[in-house]
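This report concerns only the one structure given below.
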Amino acid sequence: MKSINPYLNFAGNTEEAFDFYKKIFGGDFAVGIFRFKDTPDAEKLSKSDQEKVMHVGLPMGKGNMLMATDALESMGFKLTFENNIHLSIETDSKEEADKLFKGLSEGGNVDMSMQDQFWGAYFGSLTDKFGVKWMINYTYPQT
């Protein structure tokens, strides 16, 4: 397997969320932002829905991509946020873990503050201001 890339659905605020993530993780969108107005059936959508994000991707780490879309109700999507998935990031350092945790938790809710854990890692979890659940982990080098 080359990679696994999470694909998130948002209720019309994908662009805002990904501008936020871009600020935290750095980098640029892989191929820009594709909008529904650029799709073959765009004329079937309201002007408002045409401006929504059809696809965006933000490269993260080594060979990974965080991707998303606006899940339009006009296209039959009913978006619900549950607790059945978390995005887990393994960092290269404790400092990187703290930086990402601080950035992602801005405007969100901390579930567990960053702290040393019994399994030999520095770990914390949060729900960001867009309802996305994150786990940040730094595994201490084994001695």
Requested in this report: May I ask for the angle, rounded to the nearest 10°, between helix 14-25 and the longest principal axis of the chain, with both axes built from Cα atoms and the value confined to 0 to 90°?
Outcome: 30
Report task. State the antiparallel share, in %, of DSSP beta bridges confined to the chain, rounding to the nearest 5. Result -> 70
Report summary line: With Cα springs under 10 Å, the Gaussian network model of the chain assigns the largest mean-square fluctuation among VAL31, VAL56, VAL132 to VAL31
Query raised in the report: Which residues make up the longest stretch of the chain that has no chymotrypsin sites (Phe, Trp or Tyr not before Pro) in a DSSP loop with at most 11 other Cβ atoms within 10 Å?
Result: 1-117
Requested in this report: Could you check how much of the accessible area of region 35-143 is carbon and sulfur, as a whole percent, using a 1.4 Å probe?
Outcome: 52
Report summary line: Candidate cut points under trypsin sites (Lys or Arg not before Pro) in region 49-82, DSSP loop plus at most 15 other Cβ atoms within 10 Å of their own Cβ, are LYS62, LYS78
Query - Separation of alpha-carbon centers, region 22-45 and region 120-140, rounded to whole Å - result: 27
Report summary line: Computed over the chain, the distribution of all Cα-Cα distances in 5 Å bins, rounded to whole %, is 2, 9, 17, 20, 18, 14, 9, 5, 3, 2, 1, 0, 0
Query raised in the report: Can you list the GluC sites (Glu not before Pro) in region 36-129 that are in a DSSP coil and have 14 or fewer other beta carbons within 10 angstrom?
Result: GLU51, GLU82, GLU106
**Report entry** Pair GLU82, SER46: separation of 7 Å Cα→Cβ label points (nm)
**Finding:** 2.8
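The values are calculated or read from the model by the stated rules, or taken from the named source; none is laboratory data. Since we're looking at a predicted model, the values are computed, not measured. Backbone-built Cβ (ideal geometry, glycine too); neighbour counts: all protein chains shown. Surface accessibility is based on the protein's heavy atoms, side chains included, excluding ligands, DNA and RNA. Shrake-Rupley method; radii C 1.70, N 1.55, O 1.52, S 1.80 Å.
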